[in-house]
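Contents: one structure, followed by commentary.
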Amino acid sequence: MTATTEGSTESGLARVTTANNTSTSTSAAVPAQEWEDSVVRTVERATDHLLSLQEPAGWWKGDLETNVSMEAEDLLLRQFLGIQDPEVTAATASHIRSRQETDGTWPTFYGGPGELSTTIEAYVALRLAGDDPDAPHMARASAWVREQGGIAAARVFTRIWLALFGWWKWDDLPDLPPEMLFLPKWFPLNIYDFGCWARQTIVPLTIVSAKRPVRPAPFALDELHTDPRRPNPPRPLAPAASWDGVFQRLDKALHRYHKLAPRGLRRAAMRSAARWIIERQENDGSWGGIQPPAVYSLIALHLLGYGLDHPVLRSGLASLDRFAVWHDDGLPASDDPPGAPTRMIEACQSPVWDTCLATIALADAGVPADHPQLVQAAEWMLAEQIDRPGDWSVQRPHLASGGWAFEFENDNYPDIDDTAEVVLALRRVKHPDPQRVEAAVRRAVGWLFGVQSRGGGWGAFDVDNTSRLPNRLPFCDFGEVIDPPSADVTAHVVEMLAGVGHTHDPRTRRGIAWLLAEQEPCGAWFGRWGTNYVYGTGSVLPALAAAGIPRSHPAVRRAVRWLEGVQNDDGGWGEDQRSYQDKEQWAGRGASTASQTAWALMALLAAGERDGEAVRRGVRWLAATQREDGSWDEPYFTGTGFPWDFSINYHLYRQVFPLTALGRYLGGGPAVAPVGA
């Protein structure tokens, strides 16, 4: 997974090497020139390493690591469909074991607490792989599960998986009728009230909910119940006057409807759901380029009679295999021999996101704009622009497309964040066909203006996807299911619009006003898609600077004071995923990481703090923690899928963001080409 570095990075770094030779800044009493040279060497090593990771086709992609529920559900799916493979099972189980904590639990992020549903799914998967329930690692897990309330306390999605094998009763799960697809888009709780990731998962689950299949379980799970004699204890009803009470009673009504639903209407609804699913299958066989919709779509279509040899299912299963990351050298795992292969499942893949971020990092580090590898990356990104409508057009039927997706194939769901960052990347490259680039940028800008939400901000995929009703459903007890505007996405769009000459457009000004209104009292901004306040603040300050907001603006100064106040004693910055649950205790707090230190530096540099002590200490931390090969180590999860519920370790973040920050430190700012260049 390497490409030969073309050209000399030494000449490419001429800009950053000479830009600040007159600086009088020092770090820990190191002479200015020696300090500068040290940072330059750090950038050179990081540049060479990142260039070496580019694929021959022009793209970058780091592993996208989440938690072991991905691997556990993969084994459960194979059990349900009857397609078990001993080699796959053994390697997947080895990975699951390697992630178990000493107390028997599995967390959802590195260094985090044990999580009940993840631990249950991992335990069941290991039992399917043949692990003895009396083995010490299994006994510790089952004891902890019972202490936490057992299966009955698990989230809905976990209990759905268990219901597929008779380990839980379908009657004790929230009902999700397929007839909801017939609700018009103006009706509350219609399918387009849900965020795209939830929508793609819910539609196939309506079929599963209607069919209520049960495959014979290969063993019992009594050890995961607090009282095996009453495995399905009733849940107390909330007061009728509360929202929870209203939706609990609605669910009871839906359960009664399940028994009375007219057969013709039910069949028509399931046919519509199947058609909806098949129409949204991507060219590579995936659904939305992410794992959960693919898994449930395969189950739903199989329940409707689609055989495993049907082209839709065959390509869908093949797409899931491409989400597997095999390691032949093994990982430390209980009871596994050294070198045993392991198999990790990516929840999704991020080539477009990784490629645009890598391009920005290399350009900001001084790699020439016409460097062959940057041109190759731009060529690949240009070919990935989406030119057909997707689900977003339900709300904007007359808007021309022009966005980019996150994944290799996801034409139905281009996302706003990727589109903004791709344009920022393209503006940094001297492409041999500048008219082609400008045409792509114009289409992207038109699409982004068209998907701005009413308040002035931007969500990730949809327009004004802000109804709070979906979050109230008993079914939706895991993760965010709507897509309201966020500060980080809005900031990236504003930064891009300013970069292409739309700073004074009223729509851009509305975005800026929205950002200023969203600042937290402490001075930070909430990070929806990265962890968390450090990410939000690291996104917003560069955007405000690009849009011409003066460095003396009160919002900028408050943010600077907050960043300086949460800097770690070692000079770096870090923030734990627990800040999503406990802002007072964890906002801006956590072990220093390369990516989060870089976000803080990018913010401070945009605010004019290059010569400040906080910046010097942060730069020194990055230089001191770089590895010999030019990379950084980062086991911590600094990406966000759902705040708190689903955390991500983007393995390329540790490379692209430090290089971006250090390049801007040396070069004086982003390497953005002037409009019209």
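None of the figures in this text is laboratory data; all of them are computed from the coordinates on show. What you see is a predicted model, and the numbers here were worked out from it, not measured in a lab. Every residue, glycine among them, receives a Cβ derived from its backbone with ideal geometry; neighbour counts consider all protein chains shown.
Take every pair of alpha-carbon atoms less than 8 Å apart whose residues are at least six positions apart; their mean separation over the length of the chain yields a relative contact order of 17 percent. Angle of helix 613-625 to the longest C-alpha principal axis of the chain, folded into 0 to 90 degrees and rounded to 10: 70°. As a proxy for reagent exposure, THR226, THR206 were ordered by neighbouring Cβ count within 10 angstrom, fewest first; the result is THR226, THR206. Between ARG454 and ASP171, the FRET efficiency from the beta-carbon distance, with R0 = 30 Å, is close to 0.15.
Loop sites by DSSP among the trypsin sites (Lys or Arg not before Pro) of the chain, restricted to those with at most 13 other Cβ atoms within 10 angstrom, leave 1-184 as the longest stretch without any of them. Under 15 Å of direct C-alpha separation, and excluding same-chain neighbours fewer than eight residues apart, LYS61 reaches these aspartates and glutamates: GLU346, ASP354, GLU384, GLU407, GLU409, ASP418.
How far, in degrees from 0 to 90, does helix 86-98 lean away from the longest principal axis of the Cα atoms of the chain, to the nearest 10? Relative to the chain, helix 86-98 is tipped by roughly 60 degrees. Site pair ARG388 and ASN471 shows an inter-label distance of 3.5 nm when each label is modelled 7 Å from Cα along Cα→Cβ.
Once both labels are positioned 7 Å from their Cα atoms along Cα-to-Cβ, the gap between ASP629 and LEU304 label points is 4.5 nm. Think of the chain as having a plus end and a minus end, set by charges on the Cβ of Lys, Arg, Asp and Glu; of LEU604, LEU473, SER52, LEU473 sits farthest toward the positive end of this dipole.
Assuming charge only on the beta carbon of Lys and Arg (+1) and of Asp and Glu (-1), the dipole of the chain about its Cα centre is about 2700 debye to the nearest 20. Label segment 523-677 by shape, choosing from rounded, prolate and oblate, from the square roots a ≥ b ≥ c of the eigenvalues of the Cα gyration tensor; if a/c is under 1.5 it is rounded, and otherwise prolate applies when a/b is larger than b/c, oblate when it is not. Judged from the Cα gyration tensor, segment 523-677 comes out rounded (a/c under 1.5). Which aspartates and glutamates, if any, have their Cα less than 15 Å from the Cα of LYS252, not counting same-chain residues under 8 positions apart? Of all the aspartates and glutamates, those that pass the test against LYS252 - Cα under 15 Å, at least 8 places apart if same chain - are ASP171, ASP172, ASP175, ASP244. The value of relative contact order for segment 344-422, using C-alpha pairs under 8 Å at least six residues apart, is 37 percent. With contributions of -39500 (n - 2.57) from each DSSP H run of at least four residues, the per-residue ellipticity at 222 nm computed over the chain stands at -14500 deg cm²/dmol. Residue exposure proxy: PHE646, PHE461, ordered by other Cβ atoms within 10 angstrom of their Cβ from fewest to most, comes out as PHE646, PHE461.
Taking a ≥ b ≥ c as the square roots of the eigenvalues of the Cα gyration tensor, an a/c ratio of 1.5 or more together with a/b no larger than b/c marks segment 73-178 as oblate.
The phi-based Karplus calculation (6.51 cos²θ - 1.76 cosθ + 1.60; θ = phi - 60°) puts the 3J(HN,Hα) values of segment 124-136 at 4, 4, 5, 5, 5, 7, x, 5, 6, x, 8, 4, x Hz, whole numbers, x for Gly and Pro. For the chain, what D do you get in µm² per second when you plug the Kirkwood radius from alpha-carbon pairs into Stokes-Einstein at 37 °C and 0.692 mPa s? Answer, rounded: 126 µm²/s.
Against the chain, whose longest principal axis is taken from its Cα atoms, helix 69-81 shows a tilt of about 40°. Legend: ranking of residues PHE475, PHE219 from fewest to most surrounding C-beta atoms inside 10 Å; resulting order PHE219, PHE475.
Residues in segment 288-301 carry Karplus couplings, in order, of x, x, 10, 6, x, x, 5, 4, 6, 5, 4, 5, 4, 5 Hz; the curve used is 6.51 cos²θ - 1.76 cosθ + 1.60 with θ = phi - 60°, and Gly or Pro positions show x.
Annotation: aspartates and glutamates with alpha-carbon distance below 12 angstrom to LYS583 (same-chain offsets under eight excluded): GLU520, GLU575.
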